[in-house]
1. So how far apart, in nm, are the two label points at GLN106 and GLU151 if each is 7 Å from Cα heading toward Cβ?
2. For the chain, with the dipole built from +1 on Lys and Arg beta-carbon atoms and -1 on Asp and Glu ones, taken about the Cα centre, which of VAL179, SER26, ASN134 lies farthest toward the positive end?
3. Cβ under 14 Å from ASP105's Cβ, ASP105 left aside: what net charge do those residues give with Lys, Arg +1 and Asp, Glu -1?
4. If you place +1 on the Cβ of every Lys and Arg, -1 on the Cβ of every Asp and Glu, and leave all else neutral, what size is the dipole of the chain about its Cα centre, to the nearest 20 Debye?
5. Two-decimal Rg/Rh of the chain from alpha-carbon positions, Kirkwood Rh?
6. Add +1 for every Lys or Arg and -1 for every Asp or Glu among the other residues with Cβ under 10 Å from the Cβ of THR174, and state the total.
7. Along the range 71-81, what does the Karplus equation 6.51 cos²θ - 1.76 cosθ + 1.60 (θ = phi - 60°) give for ³J(HN,Hα), rounded to whole Hz, x for Gly and Pro?
8. Each residue of the range 189-194 in turn: what ³J(HN,Hα) in whole Hz from Karplus with 6.51, -1.76, 1.60 and θ = phi - 60°, glycine and Pro shown as x?
Amino acid sequence: MKKLTLNYLFIGLGFTLILLGWFISSVYYEVAVNLYFAIVLLSMVVLTVLIPLLRWLFCNVSKTYTIKKGGHYSGFRFKPFIKKSSQSVDVTFHEGCNTYEKGNDQLNEQINKLFGFGDILHHNNSDRIGWRYNNLTKKIDLFNYRYVYGELKVVGIGDVLIGQKIRIDLKSSTYWFGVNRFPYFGGKAVAPNDVKITLTFK
């Protein structure tokens with residue numbers, strides 16, 4: 001049943017109960033009507049305020065993330081979670097991710113961050129997917145980029161063409177509480193142009 005139809009049903013039933021109240025003189029009926037309106041009001045608050053707020057706070061948003069030229073972040077977000085050990089995401093790198101400048105070792109060798117999760121202080125413990133444009137193969141190299149008790153561990157996991165959609169499954173030990181991580185350009189070098197990456201969280 002559509003949300004709008006359900007709202008009209010609740011409103012119609014409420015008016016019907018009010019009209020019947022003119023003909024039914026009973027304390028129990030009055031209590032039942034008051035209880036009905038209290039439940040409807042609470043339901044509306046939950047559906048229109050609480051659930052959207054929780055979704056905004058905890059759910060990752062599938063969209064094209066943009067890191068502006070000269071920046072590191074694709075936006076500032078705080079998306080906490082409770083108990084997580086895996087994440088599956090469909091990823092597409094767009095034109096502009098082929099970041100390469102001759103002689104710029106920092107830009108060419110740093111591993112940028114794609115997505116992941118971990119402790120609030122991610123340099124302590126976290127699991128992310130990293131990426132770097134490979135000017136020789138003209139592909140994006142992918143990495144498992146992990147911090148384990150402050151020690152960085154990086155392992156290559158494959159590559160992908162720009163414009164090609166790929167499903168990436170990230171698995172780790174269980175984090176009982178932490179935050180999700182989103183596209184970040186760096187290392188230290190900033191994005192030399194707008195960098196766009198589409199993430200579809202599964």
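1. 2.9
2. ASN134
3. On the way: positive: LYS102, ARG132, LYS188; negative: GLU101, GLU109.
Once positives and negatives cancel, what remains is +1.
4. On the way: 25 positive and 13 negative charges, 54 e Å.
Using only the charged Cβ atoms, the result is roughly 260 debye.
5. Here the Rg-to-Rh quotient is 1.24.
6. Working: positive: LYS83, LYS84; negative: none.
Around THR174, the surrounding residues sum to +2.
7. Values, residue by residue: x, 10, 9, 8, x, 9, 9, 10, 10, x, 9 Hz.
8. Computed from phi, the couplings for the range 189-194 are 5, 7, 5, x, 7, 4 Hz.
None of the figures in this text is laboratory data; all of them are computed from the coordinates on show. Since the structure is predicted, the reported quantities are computational estimates derived from the model, not experimental observations. Positions of Cβ are generated from backbone atoms using ideal geometry, with glycine treated the same way; all protein chains shown enter the neighbour counts.
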